[in-house]
Amino acid sequence: MTDSSGNCTGHIALADAVPGNSSFELTFDEAKRLCEYSLDIVCISNFSGQVLWSNNVDTMITGYTKDELANISWQEITHPEDVLKVSESLQVVSQGELRPCTEIRIRCKDGSYKWISWSGVPVIEENKIYSIGRDVTAQKIAEAEVKRLASIVQSSSEAILSVDETFCITSWNRGAEVLYGYKAEEVMGQSIQIVLPGLHSSSCLIDGKRTVSHDVQELHQRRDASPVEVSLSLFPIYDEFGAAEGTAAIIRDISKQKAAERCIGQFYSITSHELRTPLSSIRGVLGLLEGGLVNAESHEGQELINVARISCDRLVRLINDIVDARNSDSGALQLHYQELSVEDLLSSAVGNTAAMAREARIKVVTEFVPCSINCDKDRLAQVLTNLLSNAIKFSPTDSTVRLSARLAGNGLRFTVDDEGPGVPRHQTDNLFQRFRPLDSSDSRAREGVGLGLSIAKSIVEQHGGSIGIDSEKTGGSAFWFEVPLTRVWQQSTVL
């Protein structure tokens with residue numbers, strides 16, 4: 001016998017008559033023993049729900065004695081949320097209709113509740129219901145656990161999916177929907193190799209291996225054909241008899257992790273170059289002076305000492321950039337605000353790059369709207385100095401770099417405009433990321449580890465501003481950043 005959900009609630013046995021016992025009938029005592037030996041509650045009640053007789057299983061399940069049960073109404077021990085369900089069932093059965101199994105919670109003597117699945121047959125002429133109650137508490141707990149685990153799987157940010165023995169998809173959670181761009185209803189029953197063409201043949205999802213595999217790294221393809229680097233953990237699935245019935249996969253997007261690893265590798269490569277070059281210069285100068293090949297007091301000696309000083313400054317800038325980048329990550333990049341005129345700010349940046357511009361034969365022109373802003377003078381000068389030095393570094397000899405400060409809504413826009421080769425359009429998205437210098441080869445001629453613009457972006461954003469590049473400019477580059485200003489004087493000056 002089964003309930004409305006197809007669950008087994010009992011058995012009906014059919015047997016041939018035993019030779020010599022064709023007229024066999026149960027005696028009253030045998031029928032009573034059959035009820036007493038049952039593992040289910042067997043009871044007789046009236047249409048009001050009052051129990052007239054029951055076997056001893058009800059006392060075993062609830063902990064009450066027979067006398068205690070006789071003095072308790074069914075409403076008292078039924079869970080409040082199930083009382084209406086029982087009342088409706090009694091009403092239907094009292095009209096002679098069969099009611100599918102009804103599952104309700106019964107309060108035990110210790111205060112806990114147990115789930116009982118009831119099925120009964122009404123006998124109208126006797127005003128009685130012959131019922132069987134089965135304890136399904138363990139089944140309910142198991143079902144709740146399955147639902148809980150299913151909810152965890154479904155809400156996981158990682159892609160979790162499974163396939164059957166024919167490699168057709170049997171489950172696909174929301175994490176998989178986000179990662180690959182396919183809705184569950186679109187892929188259920190589809191071949192995993194059609195949905196994920198990037199899945200390698202080495203994967204046990206395909207080759208049928210029944211081993212657990214962790215951190216299998218592959219390059220997959222999303223619905224929009226974009227690549228995604230993933231890490232797979234694969235687990236075989238077995239049925240209740242131990243036979244393999246499929247494979248489950250937990251797939252994690254490691255694109256950001258891989259990008260970070262590449263950035264770190266590039267950082268090591270660039271930093272080693274940036275360290276080797278000035279150190280080699282310093283070592284060469286010291287060797288010449290120590291060996292007496294050059295007199296430190298001579299003109300040549302002074303030039304060599306100046307080369308060593310420039311190399312030392314280059315090392316200091318490298319170390320400062322690395323420290324600033326780390327402080328920006330940890331929130332230790334502190335700003336000290338003060339009221340400052342734009343003229344002083346521009347003059348500071350121009351002064352910091354004057355020697356560099358003179359050596360490169362670059363003319364720096366400034367123009368600004370006189371006003372004051374509330375900012376950290378040293379940090380904002382650091383941003384301008386970085387943009388100016390980049391412009392000078394990439395500008396051809398005898399060209400001009402323009403530094404301007406103009407009103408822009410409620411803020412002030414600083415722009416550094418050069419006549420250099422410009423920035424390729426495909427590289428503009430990476431400009432303000434770390435360890436992304438425009439020239440990342442070990443043999444490049446220009447110094448820098450690719451931290452300056454990233455640090456500049458952090459400083460500007462801490463000032464409540466924004467930074468970017470004019471991608472519409474033809475010829476040269478125009479980097480800009482905007483910060484809020486405090487007051488404006490109505491006059492304009494060009495230096």
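Taken together, the values in this text are just the output of simple stated rules run on the coordinates, not laboratory data. These numbers come from a predicted model, not from an experiment. Every residue, glycine as well, gets a Cβ built from its backbone with ideal geometry; the counts of neighbours run over all protein chains shown.
To the nearest 0.05, what FRET efficiency results for Lys66 and Ile152 with a Förster distance of 45 Å applied to their C-beta separation? Taking R0 as 45 Å, the efficiency between Lys66 and Ile152 is 0.55. Spacing of the modelled spin labels on Tyr113 and Ala184, each 7 Å from Cα toward Cβ, amounts to 2.7 nm.
Could you tell me the relative contact order of segment 260-329? Use alpha-carbon pairs under 8 Å, at least six residues apart, and round to a whole percent.
Values: 29 pairs, mean separation 23.1, N = 70.
About 33 percent, as a whole number.
Using alpha carbons only, the radius of gyration of segment 89-209 set against its Kirkwood radius gives Rg/Rh = 1.26. Annotation: aspartates and glutamates with alpha-carbon distance below 12 angstrom to Lys109 (same-chain offsets under eight excluded): Asp58, Glu68, Glu76.
For segment 260-329, what does the equivalent ellipsoid look like in terms of its semi-axes, each the square root of 5 times an eigenvalue of the Cα gyration tensor, given largest first in whole Å? Before the final figure, lay out the partial values.
Values: eigenvalues 209, 34, 9 Å².
Semi-axes (√(5λ), whole Å): 32, 13, 7.
What is the Cα radius of gyration of segment 130-200 over 2.2 N^0.38 Å, N being its residue count? Here the Cα radius of gyration is 1.53 times the empirical estimate. Segment 225-248 and segment 361-377 have Cα centres lying 61 Å from one another. The mean of 1/r over all pairs of different alpha-carbon atoms in segment 284-370, once inverted, gives a Kirkwood hydrodynamic radius of 16.8 Å.
Using only C-alpha positions, report the orientation-averaged shadow area of the convex hull of segment 28-136, nm², one decimal. Before the final figure, lay out the partial values.
Numbers: hull surface 26.7 nm².
Across all orientations, segment 28-136 yields a mean hull projection of 6.7 nm².
Between Tyr337 and Arg222, the simple spin-label model (points 7 angstrom out along Cα→Cβ) gives 3.8 nm.
Using the Kirkwood radius over Cα pairs, work out the Stokes-Einstein diffusion coefficient for segment 207-327 at 4 °C and 1.567 mPa s, in µm²/s as a whole number.
Diffusion coefficient, whole number: 65 µm²/s.
For Asp239 and Lys363, the difference between the fully extended length at 0.36 nm per residue and the C-alpha to C-alpha distance is 36.8 nm. Stretched out straight at 0.36 nm per residue, the stretch from Leu39 to Val307 would grow longer than its current Cα-Cα span by 86.8 nm.
Across the cross-link table entries Lys32/Lys128; Lys256/Lys393; Lys114/Lys147; Lys147/Lys256, which are compared at the Cα atoms, the separations over 25 Å belong to Lys256/Lys393; Lys147/Lys256.
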